[in-house]
1. Report yes if ALA224 is in contact with a Gly (Cβ under 8 Å, 6 or more places away or on another chain) and surrounded by fewer than 21 Cβ atoms within 10 Å (Cβ to Cβ), otherwise no.
2. Return the total of residues in region 184-202 being outside any helix (DSSP H, G or I) and open to solvent by less than 20 Å² (accessible area, probe 1.4 Å).
3. I need the full set of residues from region 317-351 which are open to solvent by less than 40 Å² (accessible area, probe 1.4 Å), of a type outside the set (D, E, K, R), in contact (Cβ under 8 Å) with a residue 60 or more places away in the chain and in a loop (DSSP other than H, G, I, E, B), in order please.
4. For region 353-362, indicate whether the set of residues that are among the acidic types (Asp, Glu), in contact with a Leu (Cβ under 9 Å, 6 or more places away or on another chain) and in a loop (DSSP other than H, G, I, E, B) is non-empty.
5. So how many residues does region 85-108 have that are in a loop (DSSP other than H, G, I, E, B), open to solvent by 20 Å² or more (accessible area, probe 1.4 Å) and at negative phi?
6. Is it the case that some residue within region 277-286 is farther than 25 Å from ASP215 by Cα, open to solvent by 50 Å² or more (accessible area, probe 1.4 Å) and basic (Lys, Arg)?
7. Would you check if SER259 is touching a His at 6+ places or on another chain (Cβ under 9 Å) and in a helix (DSSP H, G or I)?
Amino acid sequence: MKNIPKYVEIMNWLETEIVNGDLAFGEKIPSENELGERFSISRQTVRQATSVLESKGFLERRRGSGTYVKYSVENKNLPVSNVRTIGVVTTYLNEYIFPAIIKGIDDVLIKKNYFVQMSLTYNNMEREAEILNNLLAKNLDGLVIEPAKTGLPNINQTIYEQIISRKIPCVLINAIYPNMSIPCVAMDDYACGKEAVECLVKNGHRKIGGLFKLDDMQGRLRYAGCVEALRRNGMSFAEGNLIWYTTEDKNEAFARHFSDRILKTAEKCTAMICYNDQMSREITRILYKHSKTIPEDISLISFDDSNLDFQMEFGFSLTTFRHPKEKLGQVAAETLLDLIKGVTAGDVKFPPELIERTSVKKIC
């Protein structure tokens, strides 16, 4: 049961209740909030499950009223509906910034009467290949994809070439492989990296360390932006104070692999730039475990402005760049709808928006 996606679990439960007659024809099913609480899942996941059953003719959504059972036990001949389907492929679903991104996509597409079919790669390229091949075998109206491990050579290049050659409307989010002619909606990660350094320099920091993700293009671009700004200020990341990690490192025991290097960086540097808020929390836990605090011992600047509560857990608030999250999802969906209409669309980059809080100390 653990390997079954949550939306499939709730979908199967609802379908069983309907077919068995426990939810009768014309009966209103529990609300998204009620189902979410019952199954410990988000409203977006509930919406995904009910949308599938709606497309199959089991349910009927009534605006402003709720969702009702459309299937009758006495009449089992369900009507075949003309479903317009968009495949949405992301690395993760119910954690970090992803619920907000998916909500943005979902809100736009559902209003246009599209069914959103969600798939998760867990940032695994082999899983991505399997998912994309399965989706391409269906009659999809379009695709929104967050590519897996964009910092590495694209082993799924031929699949993406097939998407392009078949002229399937497609939009990438958060990152893109180099030299790929598919529109991408993302943060301007390079510009964010540059501004992160400028913020630290403005506050007197010249010994700066960094933690970046090697196998995603966001990490490489944020690093490249930092390097450009450091050079412009006559500086560089000192040898040994630059740490690279991968998806697999994060999924394993990060602290076990990187504690010593993070502690050494804290000894040598006055500030550290971190790939994202999730990893900033891991760094902070390591430092606090060894009686080092932020920003007293080292300043910290990050990316994504997630909902992680650093103030409650550690007593400081994190300086970070705001990720557009829900807005990014909305723009990606709107861009896809333009492509479906035959309108030419290009890349969209959200400019840096730095949220200055208490994790960066002024030292000059």
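1. Numbers: in contact with a Gly (Cβ under 8 Å, 6 or more places away or on another chain): yes; surrounded by fewer than 21 Cβ atoms within 10 Å (Cβ to Cβ): yes.
Considered against the rule, which asks whether it is in contact with a Gly (Cβ under 8 Å, 6 or more places away or on another chain) and surrounded by fewer than 21 Cβ atoms within 10 Å (Cβ to Cβ), ALA224 comes out as yes.
2. Restricting attention to region 184-202, the residues satisfying the condition of being outside any helix (DSSP H, G or I) are 184-188.
Cutting the leftovers down to open to solvent by less than 20 Å² (accessible area, probe 1.4 Å) gives us 184-187.
Matching residues across region 184-202 total 4.
3. HIS323, PRO324, ALA345
4. Keep residues of region 353-362 that are among the acidic types (Asp, Glu), which gives 353, 356.
Then drop every residue that is not in contact with a Leu (Cβ under 9 Å, 6 or more places away or on another chain), which leaves none.
Checking region 353-362: not a single residue is among the acidic types (Asp, Glu), in contact with a Leu (Cβ under 9 Å, 6 or more places away or on another chain) and in a loop (DSSP other than H, G, I, E, B).
5. Initially, region 85-108 is screened for residues in a loop (DSSP other than H, G, I, E, B), giving 91-97.
Filter again for open to solvent by 20 Å² or more (accessible area, probe 1.4 Å), leaving 92-96.
Narrowing further to those that are at negative phi: 92-95.
Number of matching residues: 4.
6. If we filter region 277-286 for residues that are farther than 25 Å from ASP215 by Cα, which is where we start, we get none.
No: region 277-286 contains no residue that is farther than 25 Å from ASP215 by Cα, open to solvent by 50 Å² or more (accessible area, probe 1.4 Å) and basic (Lys, Arg).
7. Details: touching a His at 6+ places or on another chain (Cβ under 9 Å): yes; in a helix (DSSP H, G or I): yes.
For SER259, the condition - touching a His at 6+ places or on another chain (Cβ under 9 Å) and in a helix (DSSP H, G or I) - is met.
Yes/no per residue for (1) out of contact with any Ser or Thr (no Cβ under 6 Å at 6 or more places or on another chain); (2) among the small types (Gly, Ala, Ser):
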position: SER302; (1), (2): no, yes
position: SER306; (1), (2): yes, yes
position: SER317; (1), (2): no, yes
position: GLY329; (1), (2): yes, yes
position: ILE340; (1), (2): yes, no
position: ASP347; (1), (2): yes, no
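The values are calculated or read from the model by the stated rules, or taken from the named source; none is laboratory data. Remember, predicted model here, so these are calculated numbers, not experimental data. For neighbour counting, all protein chains shown are included, and Cβ atoms are generated from backbone atoms with ideal geometry for every residue, glycine included. The protein model used for the area step is the full one, side chains on, heavy atoms only, and it has no ligands, DNA or RNA in it. Shrake-Rupley method; radii C 1.70, N 1.55, O 1.52, S 1.80 Å.
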